[in-house]
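For reference, the structure discussed in these notes is given below.
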Amino acid sequence: MKNRYIKHTHISENKFRQILRLFCADLTSTQIEEVTKINRNTINRILQLLRARILKLTEEESYFEAGEIEVDESYFGAKRVRGKRGRGAGGKTKVFGMKKRGDKVYTQIVNNCSAGELVPIIKKLAPSDSTIYSDEWKAYDGLVNAGYKKHYRVTHSEDVFANGRAHVNGIENFWGVAKNRLVKMRGITCKKFNLHLKETEWRFNHRYENIYKLLLTNLRNYPL
């Protein structure tokens, strides 16, 4: 049975479009299995392929145009090492994020939150004439020397969360959205975490668009 959207499958195009609609509605694989009556292994394989395609799309969309860009780090995962709290709490996955105000976000898993890790990401994605907003984390100390002459900070340690336009509320709002969404995806393995993270990023960036039509068009041109 030929399927224009996915190769090497025995399901019909109608069934595939149904799966895609349910995926775009953000149903879990268990819920999609219940609705479609299709084997869970088949559902999981298709969702894995869809997330891999979305990962590729996020890589193509990653670069920012100059503007007001917020940068921040966050930590994902329920595991905590006793005695370790706050920034870098043990067992957490470290994620760096950037958000252009009025536009999109970008996320990347990082090994640590040092200047040597974060500043190259900023330089790669954000033009030097951008206005950068951050908290007081020491990794951002060298942004002016890195070419970003407009760098403004907010001192969270002094309970200051906004000083005029100096705030990181946009990226922090995204962290909340991402964590709330990923909680329902119970049992995400470390190996698959990045796929789910980048899917969340892509959904957020296209939240005002019909993502079903976006994916269907892409898959028609470039089948899975």
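The values are calculated or read from the model by the stated rules, or taken from the named source; none is laboratory data. All values reported here derive from a predicted model rather than from experimental measurement. Counting neighbours? That spans all protein chains shown, and the Cβs are built from the backbone with ideal geometry, glycine included. Protein only, heavy atoms only, side chains kept; ligands, DNA and RNA dropped before computing areas. Shrake-Rupley method; radii C 1.70, N 1.55, O 1.52, S 1.80 Å.
Numerical summary
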item	result
Förster radius 41 Å - calculated FRET efficiency between residue 156 and residue 220 (Cβ-Cβ, nearest 0.05)	0.30
Set of aspartates and glutamates with alpha-carbon distance to residue 149 below 14 Å, sequence-local pairs under 8 removed	68, 129, 141
Sulfur and carbon atoms: percent of accessible area, the chain [1.4 Å]	49
The chain - share of DSSP beta bridges that are antiparallel (%, nearest 5)	65
Cα-based shape type of segment 40-179, given that a ≥ b ≥ c are square roots of the gyration tensor eigenvalues and the cut on a/c is 1.5	oblate
The chain: relative contact order as a whole-number percent, Cα under 8 Å and 6+ apart	22
75, 63, ranked by accessible area, largest first (probe 1.4 Å)	63, 75
Distance violations [Cα-Cα > 29 Å] among 2/104; 15/94; 150/191; 138/179; 7/92; 56/179	2/104; 15/94; 150/191; 7/92
Segment 1-59, relative contact order [Cα under 8 Å, separation at least 6], %	20
Cα gyration tensor, segment 162-224 - rounded (a/c under 1.5), prolate or oblate	oblate
